[in-house]
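Notes to accompany the following structure.
The values are calculated or read from the model by the stated rules, or taken from the named source; none is laboratory data. Note that the structure is predicted; figures quoted are calculated from it, not measured. Heads up, the Cβs are rebuilt from the backbone with ideal geometry, glycines too, and the neighbour counts pull from every protein chain shown. Just so you know, the surface numbers come from the protein's heavy atoms only, side chains and all, with ligands and any DNA or RNA stripped out. Shrake-Rupley method; radii C 1.70, N 1.55, O 1.52, S 1.80 Å.
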Amino acid sequence: KVNGLQFAVADLSLAAFGRKEIQLAEHEMPGLMAIRAEYGPSKPLRGARIAGSLHMTIQTAVLIETLVELGAEVRWVSCNIFSTQDHAAAAVVVGPHGTVEAPAGTSVFAWKGETLEEYWWCTDQLFGFEPNTIVDDGGDATVLVHMGVEFETAGVVPEPTAEDSEDYRLALRTLSKSLATDPQRFTRLAEQIRGVTEETTAGVNRLYRLAKEGTLLFPAINVNDSVTKSKFDNKYGIRHSLADGINRATDVMLGGKLAVVCGYGDVGKGAAESLRGQGARVVVTEIDPICALQASMEGMEVVLLEDVVHKADLFITTTGNFGIITADHMSQMKHNAIVGNVGHFDNEIDMAGLTTTPGIRRIPIKPQVDEWAFPDGHSIIVLSEGRLLNLGNATGHPSFVMSNSFTNQTIAQLELYTKPGEYAREVYTLPKHLDEKVAHLHLKALGVKLTKLTKAQAEYIGVDTAGPYKPDHYRY
Ligand code: NAI
């Protein structure tokens, strides 16, 4: 705690560098800057205490400072142990008007290369300032509150079993400490939380499951499924940051190589385009006939992993599912095949299998790049220990696309905080006119000239001249 501000970051002296990059990012984030201009003077988020669990990057710094400019008090952690950019975290703590000696910004608990134990400690710190809304990415903060309430009601935290992941065991440990010191902590918090705005596919899947079971404790806005989020960030963001991550990690020539993209949803489509853009020969695996047909129409072969595992040079998982690449698959790969994941969680690649199978050795090359040597003499290269490689090995998506995502986040926070009682304990998406507004805010920067619909044309296609221009079922 310095100057009354609580924080835990790697190195505050990186703040000046972080500030310069934040200023560059602001120029590339016209949506967030327009929201600041529109709502900054009236401070509609005054009284909001926002707990954010989302990759602590430069782009997120611009989001945090937008929420602050709208009147909110904010506390932040990263939702991934490798995704924090330490200069961004330092700059947010110091703030635009503070100094390293007297930081005057926002509480951040995040650094690049946290252990899992530190990760759950940081996440727990989020709830130390009695938040009344959550910004989540992947659902860890939301799920911790839900588990906390469940165990507080039962009066006991269950013992972990042998099958539980280390991640889950550490979450349980965090909750048992909390239960011992304050047995009603999460129950109280859940009552005051006006809702959560969720960033990603993995997190919204968790929310819909809670809502279906009838156990969702507060309203939720699914930011991911705003068209201006998932059809841009997931796709064009990955198109940029996947190749960036692989290049920074390995510097391997991608042209001519055989690359397998597992999953052809929004992220898979961006991943395939990214690799094809580098001249790789891309093949796809899918379970969904529609996505498989889409890949095929784009000219990519849709294959079984088993049929290409011995001959591909690069494997990228994008499914949001688990157990996609097993230790057995990796044992059959070519020497120095590269294996990486850009789906939210680290169980798409069987890291546990690599670690526990006798005879397989880990040889660290540099942070977030490991060689895994098999007894037969071949090795593979695993990026970011199977976690999001575009954030672990590079710096994630670029500012412009994140401006679309984070403008949706900010609008969703405004909805939940300023309209208490209007949302039930369900999962909502933002209405289409707001989705169109987010797009609008990004057109000018690209010099886009939008054709104006005449009144007669609008009537002919059955829409208002001011939009929305498409029905809700339109798929883009
Ligand atoms: P999506 O649902 O659009 O795509 C996933 C695809 O994987 C689906 O088409 C599904 O049919 C397929 N799939 C599922 N199981 C499979 C299996 N066993 N084999 C092959 N294919 C399988 O989801 P989206 O939006 O593409 O997100 C995917 C993951 O990426 C999620 O975990 C999401 O949270 C994460 N994400 C990561 C980002 C990053 O920066 N790295 C950005 C945005 C999302």
Sparse-neighbour loop sites [GluC sites (Glu not before Pro); region 102-207; at most 11 other C-beta within 10 Å; DSSP]: GLU163
Please report the carbon-and-sulfur percent of the accessible area for the chain; probe 1.4 Å, protein heavy atoms only, DNA, RNA and ligands left out. 54 percent
How much net charge surrounds GLU213 when only the other residues with a Cβ under 15 Å from the Cβ of GLU213 are counted, with Lys and Arg +1 and Asp and Glu -1? +2
Accessible surface of LYS20 - all protein chains present, 1.4 Å probe, nearest 10 Å²: 130 Å²
Convert each backbone phi in region 31-45 into a coupling constant with the Karplus relation 6.51 cos²θ - 1.76 cosθ + 1.60 (shift: θ = phi - 60°), then list the ³J(HN,Hα) values in order as whole Hz, x for Gly and Pro. x, 5, 5, 5, 5, 4, 5, 6, 10, x, x, 8, 6, x, 9
Three-way shape label, region 123-171, alpha-carbon gyration tensor, a/c 1.5: oblate
If the limit is 24 Å between Cα atoms, which of LYS1/LYS112; LYS20/LYS419; LYS419/LYS455 go over it? LYS20/LYS419; LYS419/LYS455
Going residue by residue through region 351-359, the Karplus relation 6.51 cos²θ - 1.76 cosθ + 1.60 with θ = phi - 60° gives ³J(HN,Hα) values, rounded to whole Hz and with x marking Gly or Pro, of 5, 4, x, 4, 6, 9, 6, x, x
When all protein chains stay in place, what accessible area (Å², nearest 10, 1.4 Å probe) is found for LYS177? 130 Å²
Given the chain, what whole percent of its Cα pairs are spread farther than 42 Å? 16 percent
For the chain, what does the accessible surface come to per residue with a 1.4 Å probe? Please give it in Å². 44 Å²
With a 1.4 Å probe and every protein chain left in place, tell me how much accessible area CYS79 has, in Å² to the nearest 10. 10 Å²
Inter-part gap, Cα centre of region 361-418 to Cα centre of region 134-166, in whole angstrom, is 23 Å
Between region 213-253 and region 448-469, the alpha-carbon center distance in angstrom: 31 Å
If I take all pairs of Cα atoms in region 29-130, what percentage of them are more than 18 Å from each other? 48 percent
MRE, 222 nm, helices only [DSSP H, n ≥ 4, -39500 (n - 2.57), over the chain, to nearest 500]: -12500 deg cm²/dmol
Span from the region 279-300 Cα centroid across to the region 34-89 one, whole angstrom: 37 Å
